[in-house]
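Read the structure below first, then the notes.
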Amino acid sequence: MDIGSWFQLVVICFLGAISPGPSLALIAGNTIVGGRTYGVVTSLGHAAGIGLWAFLTAVGIAGVLVDQSGILLALRLSGAVLIAYIGFRTIMVGDGLTVQQKDERSTGSRLLLRGTGEGFLISLLNPKIALFFLAIFSHLVDPDSGLLETGLMGITAASIDACWYVSVALMLTGTRLINALRSSDTTLRRISGGFLILIALYFLGVMIRGLL
C-alpha cells in the first residue's frame, strides 16, 4: 500500500471514529459512571473490536459473514440488546459518587474487565461498524496484500480509534469539567443511557422492517 492509500486509510478511520453513535454514548457514559480509568479501558476494548473488524475486512472474512442473512440478523439483534442493556444500566446506577471517587474505585480488575468487554462487544456487535468497514474500508484493501500489511491496517484502525476515545475519556475527566460533571452526574447519566436505548430501539425497528 502506497503513502496515498495509507493517508486515505487514516482519514477514513478518523472520520469513522469521531462520528457520533452508540460507541461515543457508551464511552461517555462509562467515564461519567466509573471515572477516568473505566472510560479509558472501555475505549481500549472498543479499539480492539475495531482492529478486529478491520483485519476481518482486509482478509475478506467480514464480507462472507455479513452476506449470510442469519449471521447479520444475529449480529443486529445482539448489538441492539447489548446497547439497550448498557443504556438501562447507565440510567439505573445511582451511587452518587463523584468523578474522582469513582475513578479511585474503578481500578478493580472485575470493573476493568467489564469496561474492556463492553467496549469490545459494542464495536464487534454494532452492525453500522460492520457495514462501514465493508462499504468504505474494503475499497482500500489490495487483494494481493500480505499478512503483515493486513495486520498493519488493523493496527492502524485500532490505534486511531483508541486515540480518539481515550482523548474523549480524558477530556471528560479533565480539571475544567470535574465540577460540572459532579453537579450534573444524574442528568448526564440519564441523557447518555436514554440515547443508548433510543439507538437500540432504532436498530430493532430497522431490523423488524427488514423482516416484514
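Listed here are the residues, each with its yes/no results for (1) acidic (Asp, Glu); (2) within 18 Å of Gly16 (Cα to Cα); (3) buried (at least 18 other Cβ atoms within 10 Å of the Cβ); (4) at pLDDT 80 or above.
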{"position": "Glu118", "(1), (2), (3), (4)": "yes, no, yes, yes"}
{"position": "Leu121", "(1), (2), (3), (4)": "no, yes, yes, yes"}
{"position": "Leu124", "(1), (2), (3), (4)": "no, yes, yes, yes"}
{"position": "Phe132", "(1), (2), (3), (4)": "no, yes, yes, no"}
{"position": "Ile136", "(1), (2), (3), (4)": "no, yes, no, no"}
{"position": "Val141", "(1), (2), (3), (4)": "no, yes, yes, no"}
{"position": "Gly146", "(1), (2), (3), (4)": "no, no, no, no"}
{"position": "Gly154", "(1), (2), (3), (4)": "no, yes, yes, yes"}
{"position": "Ala157", "(1), (2), (3), (4)": "no, yes, yes, yes"}
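Among residues belonging to the stretch 159-188 that are surrounded by 20 or more Cβ atoms within 10 Å (Cβ to Cβ), in a helix (DSSP H, G or I) and more than 16 Å from the chain's Cα centre (by Cα), point out the one that is modelled with the lowest pLDDT.
Looking at residues that are surrounded by 20 or more Cβ atoms within 10 Å (Cβ to Cβ), in a helix (DSSP H, G or I) and more than 16 Å from the chain's Cα centre (by Cα), I get Asp185.
Tell me, yes or no, whether the stretch 89-102 has at least one residue that is modelled with pLDDT of 80 or more and either among the acidic types (Asp, Glu) or in a helix (DSSP H, G or I) (or both).
First, pick out the residues of the stretch 89-102 that are modelled with pLDDT of 80 or more: none.
There is no residue in the stretch 89-102 that is modelled with pLDDT of 80 or more and either among the acidic types (Asp, Glu) or in a helix (DSSP H, G or I) (or both).
May I ask you to say which residue of Ile50, Ile83, Ile27 is hydrophobic (A, V, I, L, M, F, W, C) and either more than 24 Å from Thr156 (Cα to Cα) or modelled with pLDDT under 80 (or both)? Steps first, answer last, please.
Numbers: Ile50 fails: either more than 24 Å from Thr156 (Cα to Cα) or modelled with pLDDT under 80 (or both); Ile27 fails: either more than 24 Å from Thr156 (Cα to Cα) or modelled with pLDDT under 80 (or both).
Testing whether each residue is hydrophobic (A, V, I, L, M, F, W, C) and either more than 24 Å from Thr156 (Cα to Cα) or modelled with pLDDT under 80 (or both) leaves just Ile83.
The values are calculated or read from the model by the stated rules, or taken from the named source; none is laboratory data. Worth saying up front: this structure is predicted, and the values here are computed from it rather than measured. Backbone-built Cβ (ideal geometry, glycine too); neighbour counts: all protein chains shown.
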